[in-house]
Amino acid sequence: MPEQKTILLIEDDKDLSEALRDQLHNEGFKVLPVYDGEEGIRAALAHHPDLILLDILLPKQGGHEVLKALREDDWGRSAKVILLTNVEGMASVSEAVKEGSYDYLVKTDWSLPEIVDYILQQLR
Amino acid sequence: MDGEYRASLAKRIGASVLVLGMLVALIYALRGYALDFFFSQIQPPQNEAELRDFVASVILVGGSALAFLLAALLYLSLTVKARAVAIARRMNKELLLSREQFRILYDSSPVPYMIVAPDGTIVNPNKAACEYFGLDQRKLTQVSFFDLVDEAEHDLIGLKERFQRSLDARQQELTLQTGDEKTRWALFSMHEIATAGAYPHMGLVSLVDITEQKRIDKAKTEFISLASHQLRTPLSTVKWNLDLLAQTELSEKQRHYWDKIYSGNERMIGLVKKLLNISRIQLGTLAVEWQKIDLNEVFERTLDEVAVQAQQHGVQLKRELPEQAIATTDAKLLQIVVENLLTNAIRYTPEGGTVTLSCTRDRANLTIRVSDTGIGIPKDVRDKIFSKLFRAPNARDMSAHGTGLGLYMTRQLVEALGGSISFDSREHAGTTFTVSLPAQHNSSA
C-alpha cells in the first residue's frame, strides 16, 4: 500500500471522474475531485497535491489554461501533472504539452490498472 | 542608345569617312595633273602684288574647302544629335507608357503589393494592401513591415536578419496582424528591385491571402478532435467501469458476458481511432511529429499491445530486431502502422502459426517486416488490398471482425512518414508486409 498520496482529479465528466476516483481510492490514494478548470486551479494552489490528473476540455477554464496558471506559481511550476484526455490533434493539446506537462494519455487507450501503474511510476 | 540608333550613326559616320577618304584619295591621285593644270593656268606671280593676289586666292580656296568640311561635319553632328533626340524622345514616351501601365496594374491589382526596405520601411503600398491591413496609405507607410507580422508566431529577429541578407523570398506562410487587430494568414513573396533613392535595393512584396483556407483547416481539425472526444468519452466510461467490475466477484456467466462487453467496447474504440486517423489523413490535417526515437521501444510497446490477442489466437509472436536502432520519425504513427500489421497477421494466422516482426536499418533507410504463416492473400484481389473498406473473401471467411480500413489507413500513414509499403504473399502459406521508411527526416527551418 503506497503511503497516502493526494491526487487532484480535474475532470468534468462525472462518470469518468467517479470510475477513476474509485480505482485510485482502492489503491490507497486520497482523491480530490473537481469538475472545472477554475476550481482546479484553486484546489491545486490550496492543497498542493502530489499529482494532478487534468482533462483538457473543461468548463470555465480549459486544461491548458490551468497548466499555464500553475506554471506561474512557485509551487505549481514543479507540480506533477498528467493530462488525461480523449482529444487528439487539437492545438490545445499541443499547447498543453508544450507548456510542460509530463505527457498526455488518451483515456480510451488506458485501462484503470494501467493508469494506476503509470501514476505509481511518476510518483516514485 | 538603342541598337537602331547605333546602327544609323555607324552608317552615317562610315559613309562620311568613306566619302572623305575617297576625296583625299582622288586629290592625291590627281595631284600631279592638278598641279600641272594649276601651273599651266596660272602665271607665277611676277611681283609682290601678284604674289599677294596668289596667296589670297590660295587662302580663299583653302578656306572655302575647310569651311565646306566644317559645314559637312556640323551637318553630320546635327543630324546625329537630332536622331539621338528623336530616339530619346521615343524611348521616353515608351518608358512613360510602360510606367503608366505598371502603375495601373499595381494600383488596381486585387493582390496586396508594397515596396519594403531592408529595415522594414513600407513605401507605396497599393490600394489592396491598404484594404488588407485596414489602414490608409499614410498610416501604412508609417508602420514597419515587421510590426504587421505576428511576433507570437514568427521569429522577428530572424526575419529582420533575413531582410538584411536578401530581399528575395518565395511563398512563405506568414501570420499577420491588421490595423484593426485581426489575424490574417498570407503567402508572402518578395523580389528584390533596384531603386533610386535612399535605398539602392528594396523588396517588392506580394501577399496572397489564405485566411479563409486556414480557418477551414482549423475548423476541420477541431471538428475531428471534438468528434473524437464525443465518441470516446462514453467508450472510456464503459471501459473504466468494466475495469472496476472486473475487480469484483463475478460468476462464470457474468465473466463470460463481461468478456463480450469488454471486447465489443475495445473494437469500437479501435474503430473510432481508425476513422479519426483516416479523416485526418483525408482532410490533410494529420500532424506528423518528427522525433529521434529508439525503434525497439516502439516495437516492444507494440508487441505488448498485441500479446494478449496473439495468446488468445494461439499464435506465437517472434521478433528479429537489431540491438539498437535509432531513427527520426513519428513514434505514435509508427506504432499504429506496426500494430495494425501485427493485428492483421495474428487475426489471419491459424492457431499454432507464427507472426514475426523484424527490422533492419542502414544509413538511409529503415525496413520493417511483419511476416505470418497465415492464410495469405489471393492473387486476384492483391491489387485491391489497400483499398478502403475492402476485405479479401478468405479474410471474411476466417474472421467476421475487420473493417476493411486497416491497410488503407496503414498505407496512408506510411506515406505520411515518407515511406512505402509492399507485400509478398502465398495463399495458404503466409504473407510478409514490408514497410520502408527514411531513417532521417530533413525538415526546413
The strands (runs of 3 or more DSSP E) lying entirely within the range B:305-420 that contain at least 3 residues which are of a type in the set (A, V, I, L, M) are B:365-372
Answer residue from the range B:241-285, given it is within 13 Å of chain A (Cβ to nearest Cβ) and open to solvent by 90 Å² or more (accessible area, probe 1.4 Å) and is farthest from B:Lys332 (Cα to Cα) among those:
B:Gln247
Keeping to the range A:1-32, report how many residues are closer than 20 Å to A:Ser111 by Cβ, open to solvent by 30 Å² or more (accessible area, probe 1.4 Å) and away from chain B (no Cβ under 14 Å).
1
Kindly provide the set of residues from the range B:87-142 that are of a type in the set (Val, Ile, Thr) and under 23 Å from B:Ala186 (Cα atoms), ordered by number.
B:Val111, B:Ile115, B:Val116, B:Thr121, B:Ile122, B:Val123, B:Thr141
Please verify whether the range B:108-125 includes one or more residues that are in a helix (DSSP H, G or I) and either within 30 Å of B:Thr175 (Cα to Cα) or of a type in the set (Phe, Trp, Tyr) (or both).
yes
(1) under 14 Å from B:Gly120 (Cβ atoms); (2) touching a residue at least 24 places away in the same chain (Cβ under 8 Å); (3) of a type outside the set (Val, Ile, Thr); (4) open to solvent by 80 Å² or more (accessible area, probe 1.4 Å) all hold for B:Lys139 apart from (1)
Any idea which residue in the range A:73-90 is farthest from the other protein chains (Cβ to nearest Cβ), counting only those that are open to solvent by 60 Å² or more (accessible area, probe 1.4 Å) and modelled with pLDDT under 90?
A:Ser78
Residue check, A:His47 against (1) over 22 Å from A:Gln121 (Cβ atoms); (2) of a type outside the set (S, T, N, Q); (3) within 14 Å of another protein chain (Cβ to nearest Cβ), all met but one. Which one?
(3)
Consider B:Ile224 against the criteria (1) of a type in the set (Val, Ile, Thr); (2) under 30 Å from A:Val106 (Cα atoms); (3) within 19 Å of the chain's Cα centre (by Cα): it satisfies all of them except one. Which criterion is unmet?
(3)
Taking the range A:24-48 only, how many residues are over 22 Å from A:Val87 (Cβ atoms) and of a type outside the set (A, V, I, L, M)?
9
I'm trying to understand the selection: among the residues of the range B:350-368, which are surrounded by 14 or more Cβ atoms within 10 Å (Cβ to Cβ) and out of contact with any helix residue (DSSP H, G or I) (no Cβ under 9 Å at 6 or more places or on another chain)?
B:Thr354, B:Ser358, B:Asn365, B:Thr367
Subset of the range B:286-310, residues loosely packed, with under 12 Cβ neighbours inside 10 Å and within 23 Å of B:Glu351 (Cα to Cα), comes to B:Asp304, B:Val308
Can you find even one residue in the range B:79-87 that is more than 25 Å from B:Ser8 (Cβ to Cβ), at pLDDT 75 or above and of a type in the set (Val, Ile, Thr)?
no
Which pairs do you get when a residue that is among the charged types (D, E, K, R), found in the range B:217-245, comes within reach of a residue that is open to solvent by 20 Å² or more (accessible area, probe 1.4 Å), reach meaning Cβ atoms under 6 angstrom, with the pair 6+ apart or on two chains?
B:Lys220/B:Leu283; B:Lys220/B:Thr285
Number of the condition not met by B:Phe133 [criteria: (1) in contact (Cβ under 8 Å) with a residue 24 or more places away in the chain; (2) exposed (fewer than 13 other Cβ atoms within 10 Å of the Cβ)]
(2)
Residues that are touching a residue at least 60 places away in the same chain (Cβ under 8 Å) and more than 14 Å from every other protein chain (Cβ to nearest Cβ): does the range B:297-313 have at least one?
yes
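Which of the residues belonging to the range B:227-240 are at the interface with another protein chain (Cβ under 7 Å from one of its Cβ atoms), polar (S, T, N, Q) and out of contact with any Ser or Thr (no Cβ under 7 Å at 6 or more places or on another chain)?
Taking the range B:227-240 first, the residues at the interface with another protein chain (Cβ under 7 Å from one of its Cβ atoms) are B:228-229, B:232-233, B:235-237, B:239-240.
Pick out the ones that are also polar (S, T, N, Q) and you get B:228, B:233, B:236-237.
B:Ser228, B:Thr233, B:Thr237 - these are the residues of the range B:227-240 that are at the interface with another protein chain (Cβ under 7 Å from one of its Cβ atoms), polar (S, T, N, Q) and out of contact with any Ser or Thr (no Cβ under 7 Å at 6 or more places or on another chain).
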Leading residue by the ranking (modelled with the highest pLDDT) among those in the range B:31-50 that are among the aliphatic types (A, V, I, L, M) and in contact with a helix residue (DSSP H, G or I) (Cβ under 9 Å, 6 or more places away or on another chain):
B:Ala34
What single numbered condition from (1) modelled with pLDDT of 90 or more; (2) assigned to a helix (DSSP H, G or I); (3) more than 12 Å from chain B (Cβ to nearest Cβ) fails to hold for A:Thr108?
(3)
Looking at (1) under 31 Å from the mean Cα position of the chain (by Cα); (2) at pLDDT 95 or above, which is the one condition that is false for B:Thr356?
(1)
Looking at the range B:142-149, can you tell me whether even one residue there is assigned to a loop (DSSP other than H, G, I, E, B), exposed (fewer than 14 other Cβ atoms within 10 Å of the Cβ) and without any contact (Cβ under 8 Å) to a residue 40 or more places away in the chain?
yes
Per-region count, the range B:389-415, residues open to solvent by 40 Å² or more (accessible area, probe 1.4 Å) and in contact (Cβ under 8 Å) with a residue 40 or more places away in the chain
4
Identify the residue in the range B:212-226 that is surrounded by fewer than 15 Cβ atoms within 10 Å (Cβ to Cβ) and more than 9 Å from chain A (Cβ to nearest Cβ) and, among all such residues, is modelled with the highest pLDDT.
B:Glu212
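The values are calculated or read from the model by the stated rules, or taken from the named source; none is laboratory data. Keep in mind it's a predicted model, so treat the numbers as computed, not measured. With ideal geometry, Cβ positions are generated from the backbone for all residues, glycine too; neighbour counts draw on all protein chains shown. With ligands, DNA and RNA removed, areas are computed over all heavy atoms of the protein, side chains included. Shrake-Rupley method; radii C 1.70, N 1.55, O 1.52, S 1.80 Å.
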